[in-house]
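Colleague: Starting off with a structure, shown below.
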Amino acid sequence: MRSTTALTDPIARIEDSLVTALPMLRQIGELFAQAGEEVALVGGSVRDALLGRPMNDLDFDFATSADPQRVIDLVGPWADTVWDVGIRFGTVGVRKGDRRLEITTYRTESYRPESRKPDVDYGKSLEEDLTRRDFTVNAMAARLPDLRLVDLHDGQRDLSEQVLCTPMDPAVSFSDDPLRMMRAARFVAELGFTIEERTLAAISGMADRIQIVAPERVQVELSKLLLGADPAAGLAVMVETGLAEHVLPELPALRLEIDEHHRHKDVYEHTLTVLEQAIALEDGEPDLVLRLAALLHDIGKPKTRRFEAGGGVSFHHHEVVGARMARQRLKALRYSNDVIDEVSRLVELHLRFHGYGSGQWTDSAVRRYVRDADDLLARLHKLTRADCTTRNRRRAAALQRAYDGLEQRIEQLQADEELAAIRPDLDGNDIMRILDLPPGREVGAAYRFLMDLRLDRGPLGPEMAEEALRAWWAARPS
């Protein structure tokens, strides 16, 4: 039996959390009230205010009885800027000072069985609008201008118990908008809530319906999940309910069978541990690229697993295969080209350190490590350190000492040679002048030769570089 505990003095909580925004909220409320229209603050702002969470009070969502054109007429003289980018869904965007507002006409929306886009109809009341929302903790509103709380679905109770359930039958709610299943996993990661049993069962039974949602919308929810306080918990929900099979199938594929003859780490559990350890190494704001790289760094293992004589298991070149798989998955999820390139590069490089051993790399090898990582070096340091999950304390300490040593060598070489700005001792114009060449492939080949020479031998100076270039050119196959 669930208790009916509710939060005490909710209006005072809201006022305390939104104190800097209260004048603006009351102004909006008066504008609509004087015109005979209703308006209410809705969604995450009300939830977070009741929780007393640190809030970005620059952005707010409102629901109103007014149709979009009526909203524009009412707020146009008051706002600094008004735009209608979401007007076909009933939403008007407003900027007032530094604050960005979205004011949406009461509405209902649902998906047809095979549609990727929702059908939107205007609703008739705030109560109807709140019933269509994803979870009870998000189905509360504060009517303006008096901030009177509207809680028809025991959202305060569920907020106090930190539980997620839908305002209506979960099967109906998830059928109307399947992305709500991803939001459930996201809120587990972001808020630390649990999912009520009937709601969780509905997600498991309907997980395949997530396939009708546009990849861009899924990607937004996945990114928010990964940037949450506990992404491993949200990912576990995705795997356990079957959502991951349709969104990120490489993740559940990491749950490799382990038998008594072929013992190795559980790659899935290892991956979640690496993700948590990478997060612990972040500096300041959550790093989506680092978290994606930690999540995907071993996804090449299932395809490269080989059983060796004597009971061993190998995953040769899984970093190369994994980088290609990461690129394909992130592209399918419509991530930006920059994110795709950076994550796949980190996956490809994450094992490079293990050739370092006890520090036997030459300065040339260290230079190449830095050059290949380029501006991802700081993230590669974090990912490589996070990838150590051995329970053998002696081995873990040895790996950390080795990486400490590598970082120290990098710092020394950077101080001596400015590694981040490594270039050949001669540029393209020098090459064309010395070898009397026009622009073309031969100049590129000569540049690559000089770059390799620079990495192998360090700074040479223009005279020695020219001598080496002429010798290379003379010895090339005709």
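The values are calculated or read from the model by the stated rules, or taken from the named source; none is laboratory data. Treat the numbers as computed from the prediction; the structure is a model and nothing was measured. A quick note on method: Cβ atoms are made from the backbone with ideal geometry, for glycine too, and the neighbour counts reach across all protein chains shown. For accessibility, only protein heavy atoms count, side chains too; no ligands or nucleic acids. Shrake-Rupley method; radii C 1.70, N 1.55, O 1.52, S 1.80 Å.
Colleague: Please indicate, with yes or no, whether at least one residue in the stretch 98-119 is over 29 Å from L200 (Cβ atoms), in a strand (DSSP E or B), modelled with pLDDT of 90 or more and over 29 Å from the mean Cα position of the chain (by Cα).
Modeller: yes
Colleague: Being in a helix (DSSP H, G or I) and open to solvent by less than 10 Å² (accessible area, probe 1.4 Å) is the filter here, so list the residues in the stretch 192-217 that pass it.
Modeller: If the condition is that a residue be in a helix (DSSP H, G or I) and open to solvent by less than 10 Å² (accessible area, probe 1.4 Å), then T199, I203, A207, I210 are the ones that fit.
Colleague: Tell me which residues, restricted to the stretch 230-247, are farther than 12 Å from I203 by Cβ and among the small types (G, A, S).
Modeller: Correct list: A232, A233, G234, A236.
Colleague: Let me ask another. Taking L222, is it under 13 Å from F135 (Cβ atoms) and either open to solvent by less than 20 Å² (accessible area, probe 1.4 Å) or assigned to a helix (DSSP H, G or I) (or both)?
Modeller: Here the answer is no, as L222 does not meet what is asked.
Colleague: Could I ask something else about it? Given the criteria among the hydrophobic types (A, V, I, L, M, F, W, C) and at pLDDT below 85, does V366 qualify?
Modeller: For V366, the condition - among the hydrophobic types (A, V, I, L, M, F, W, C) and at pLDDT below 85 - is met.
Colleague: What do you reckon, is P477 open to solvent by 90 Å² or more (accessible area, probe 1.4 Å) and modelled with pLDDT under 85?
Modeller: yes
Colleague: Sticking with this structure for a sec: Quick check: is even one residue across the stretch 450-464 modelled with pLDDT under 80, of a type in the set (K, R) and outside any helix (DSSP H, G or I)?
Modeller: No, every residue in the stretch 450-464 fails to be modelled with pLDDT under 80, of a type in the set (K, R) and outside any helix (DSSP H, G or I).
Residues checked against (1) modelled with pLDDT of 95 or more; (2) surrounded by fewer than 18 Cβ atoms within 10 Å (Cβ to Cβ); (3) more than 23 Å from D338 (Cα to Cα):
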position	(1), (2), (3)
D266	no, yes, yes
H270	no, no, yes
A278	yes, no, no
L290	yes, no, no
L296	yes, no, no
R305	no, yes, yes
G310	no, yes, yes
V313	no, yes, yes
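Colleague: What tally of residues in the stretch 426-442 results from selecting those that are open to solvent by less than 50 Å² (accessible area, probe 1.4 Å) and over 17 Å from P462 (Cβ atoms)?
Modeller: Residues that pass the stated criteria total 2.
Colleague: Can you tell me which of (1) open to solvent by 70 Å² or more (accessible area, probe 1.4 Å); (2) at pLDDT 95 or above; (3) touching a helix residue (DSSP H, G or I) at 6+ places or on another chain (Cβ under 6 Å) is the one R255 doesn't meet?
Modeller: Looking at each condition in turn, R255 falls short on (2).
Colleague: Further, regarding this structure: Would you call D158 open to solvent by 40 Å² or more (accessible area, probe 1.4 Å), closer than 30 Å to L22 by Cβ and of a type in the set (D, E)?
Modeller: In short, no.
Colleague: Between residues in the stretch 269-283 that are part of a loop (DSSP other than H, G, I, E, B) and residues that are surrounded by 17 or more Cβ atoms within 10 Å (Cβ to Cβ), which pairs lie under 8 Å by C-beta distance while being six or more apart or on different chains?
Modeller: As it stands, the answer is L281/K382; L281/R385; L281/A386; E282/L290; E282/K382, since those pairs meet every condition given.
Colleague: While we're on this one: From I203, I212, which residue is closer than 23 Å to A332 by Cα, of a type in the set (A, V, I, L, M) and at pLDDT below 95?
Modeller: Going through I203, I212 in turn, the sole match is I212.
Colleague: Would you confirm, using the coordinates I've provided, whether R409 is at pLDDT below 85, part of a helix (DSSP H, G or I) and closer than 21 Å to W361 by Cα?
Modeller: yes
Colleague: From V19, V92, which residue is within 29 Å of the chain's Cα centre (by Cα) and among the β-branched types (V, I, T)?
Modeller: That would be V92, the only listed residue that is within 29 Å of the chain's Cα centre (by Cα) and among the β-branched types (V, I, T).
Colleague: Let me ask something else. Given the condition within 30 Å of K301 (Cβ to Cβ), among the β-branched types (V, I, T) and either more than 23 Å from the chain's Cα centre (by Cα) or open to solvent by less than 10 Å² (accessible area, probe 1.4 Å) (or both), answer yes or no: does some residue in the stretch 179-190 qualify?
Modeller: No, that holds for no residue.
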